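Heads up: the structure comes next, in structure tokens.
The values are calculated or read from the model by the stated rules, or taken from the named source; none is laboratory data. Only a predicted model underlies this, so the values are computations on that prediction, with no experimental measurement involved. Positions of Cβ are generated from backbone atoms using ideal geometry, with glycine treated the same way; all protein chains shown enter the neighbour counts. To get the accessible areas, we keep the full protein, side chains included, count just its heavy atoms, and leave off ligands, DNA and RNA. Shrake-Rupley method; radii C 1.70, N 1.55, O 1.52, S 1.80 Å.
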Amino acid sequence: MIPFVNLTFQRNAYKNELEQAEKAVFDSGNFIGGPFVAELEQKLADYCQIEHVETCGSGTEALTIALMALGIQPGDEVIVPDFTFIAPAECAAILGGIPKFADIDAETLQISPKSVESLITEKTRGIIAVDLFGQCAPYRELREIANRHGLWILEDSAQAFGASVAQSPHLEPRRACTFGDIAITSFYPSKPLGCYGDGGAIFTSNAELARKVRQIANHGSSEHYLHEIVGMNSRLDAIQAAVLNVKFAHFEEELCKRRENAAKYDVFFADIEGIQPQRIAKGNTSTYAQYTLLVDDRSAFIEKLKKAEIPYCIHYPMALHCQPCFGELSHAASAADNLNCASENATLNCATGNATLNCAEVASTKAISLPVCAFTDVDTIIEKLRNVL
Ligand SMILES: *Cc1c(COP(=O)(O)O)cnc(C)c1O
């Protein structure tokens, strides 16, 4: 069976470099922080052209720390996308915030600025935008809304570190992780830039936010054994930093390969009815964390993938407001009354313009992702697809 993300081929390709880097950490006796972590943080900052990068324990912890640094208080409303991984809504909720679920664009699958604006109340403090499947959210529109209402933006770029957005003709494209007041990414093994365990990073150009992030992640302390605030422990191990330093040297090359793979799929699916790849917005490049399709008859498509022995993932099978853990939120409850949370209902269609239909729910019935990493043999997958479609 073809693996969904081929980490074994990747390790074999960089084996000598990885083994040397791993040995250097074990021999150094320096397992937390230290030069390997500092080297990685500098590389990430240079790549994104941003002043402050702090690595931490995971993408989820990065979100939690960022929300704490932004000063979230119990009862604060935070707007999150309705169609994404649970972490943004979960992190807001665990800190006492109230996630409000914004609908998505039916084609790019990114958070809809129009829906964001419709959810703003006097209790709204900020927006968590997710760079879903590897392309940036529509930050120009989101920033305009945030400025008008005095809100912060937290950019969840767990899937999109390495993506870019075209600026004006005289400027270099701007990288993901630079659009939020504060941004995060994840180094979970299957992300585009992944380590061999958990890891994450926080990005900001705001020195005060950076100071708070460092303090929160280090037990609320800026000076040894003096704890100014209640914080936590969140840090990247030296061994993970060493692995990431090696993989980072090959990252641009891997991104090119992912884009080539995605382009092959694009050509193939262009001729197939009832199957639509996620639209990449004009000016965006994607990391293709996933190659995601919207398929009208997903169950039939899955049967064909099984027959051809092609692996797939469903990101995500449920709109977040339908998740049982959010059932008690009054917003979720009222939304669930209006909207049809039964995911079997595949006849919903955003294009009808019916106000009670939610594009996030439609996407949850149609979305399916195919393997696209730099070590995936997409030609073979397309050959297999040709035989079954
Ligand atoms: C993976 C992911 C996270 C969480 O990252 P972890 O490192 O697994 O904690 C957060 N948000 C999104 C959108 C993700 O895809």
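Going toward the positive end of the dipole of the chain, with +1 on Lys and Arg Cβ and -1 on Asp and Glu Cβ, which of 221, 83, 305 do you reach last?
Of 221, 83, 305, it is 305.
Compute the relative contact order of segment 44-177 as a whole-number percentage, counting only Cα pairs closer than 8 Å that sit 6 or more residues apart in sequence. All intermediate terms of the calculation are to be shown ahead of the outcome.
Details: 223 pairs, mean separation 27.2, N = 134.
For segment 44-177, the relative contact order is 20 percent.
List the GluC sites (Glu not before Pro) in segment 83-147 that DSSP assigns to loop (not H, G, I, E or B) and whose Cβ has at most 13 other Cβ atoms within 10 Å. Which are they?
Loop-located and lightly packed - 122.
If you average the C-alpha positions of segment 75-152 and of segment 2-40 separately, how far apart do those two centres end up, in angstrom?
35 Å
Taking the Cα centre of the chain as origin, sum charge times position over the Cβ atoms of Lys and Arg (+1) and Asp and Glu (-1), and report the length of that vector in debye to the nearest 20.
360 debye
Using a Gaussian network model on the chain with a 10 Å cutoff between Cα atoms, which of 149, 52, 224 fluctuates the most?
Judging by the Gaussian network model, the answer is 224.
May I ask you to give the solvent-accessible area per residue for the chain, in square angstrom, as obtained with a 1.4 angstrom probe?
Normalised by residue count, the accessible surface of the chain is 44 Å².
A 20 angstrom limit on the alpha carbon distance is what I want to check against. Which of 304/384; 191/304; 43/247; 114/282; 191/257; 264/384 exceed it?
191/304
Mind listing the long-range amide H neighbours of residue 367? Cut-off is under 5 Å, sequence gap 5 or more, other chains count too, H placed in the peptide plane at 1.01 Å from N.
Those qualifying (amide H under 5 Å, at least 5 residues apart or on another chain) are 295.
Within the chain, which is the longest segment containing none of the chymotrypsin sites (Phe, Trp or Tyr not before Pro) that sit in a DSSP loop and have at most 12 other Cβ atoms within 10 Å?
Between the exposed loop sites, the longest stretch runs 32-224.
How big is the dipole moment of segment 163-218 about its Cα centre under a simple scheme where the beta carbon of each Lys and Arg is +1, that of each Asp and Glu is -1, and everything else is neutral? Debye, nearest 20, please.
Details: 6 positive and 4 negative charges, 14 e Å.
I would put it at about 60 debye.
For segment 184-301, calculate the relative contact order in percent as a whole number, restricting contacts to Cα pairs under 8 Å that are 6 or more residues apart.
Over segment 184-301, the number comes to 18 percent.
What ranking, highest mean first, results for peptides 277-285, 62-70 when packing means the other Cβ atoms within 10 Å averaged over each residue?
Details: 277-285: 17.1, 62-70: 26.7.
The most tightly packed comes first, giving 62-70, 277-285.
About its Cα centre, what dipole magnitude does segment 175-251 give when the only charges are +1 on Lys and Arg Cβ and -1 on Asp and Glu Cβ, stated in debye to the nearest 20?
240 debye
Could you tell me which trypsin sites (Lys or Arg not before Pro) in segment 46-150 are loop residues by DSSP with no more than 14 other beta carbons within 10 angstrom of their beta carbon? Don't skip to the end; give the middle numbers.
Numbers: sites: 100, 114, 123, 125, 140, 143, 148; in loops: 123.
Answer by residue number: 123.
Relative to a virtual label point 7 Å from the Cα of residue 49 in the Cα→beta-carbon direction, which members of segment 181-218 show backbone nitrogen distances below 15 Å?
205
Percent antiparallel among DSSP beta bridges with both residues in the chain, to the nearest 5? Walk me through the numbers before you get to the answer.
Working: 26 of 42 bridges.
Around 60 percent of the beta bridges assigned by DSSP in the chain are antiparallel ones.
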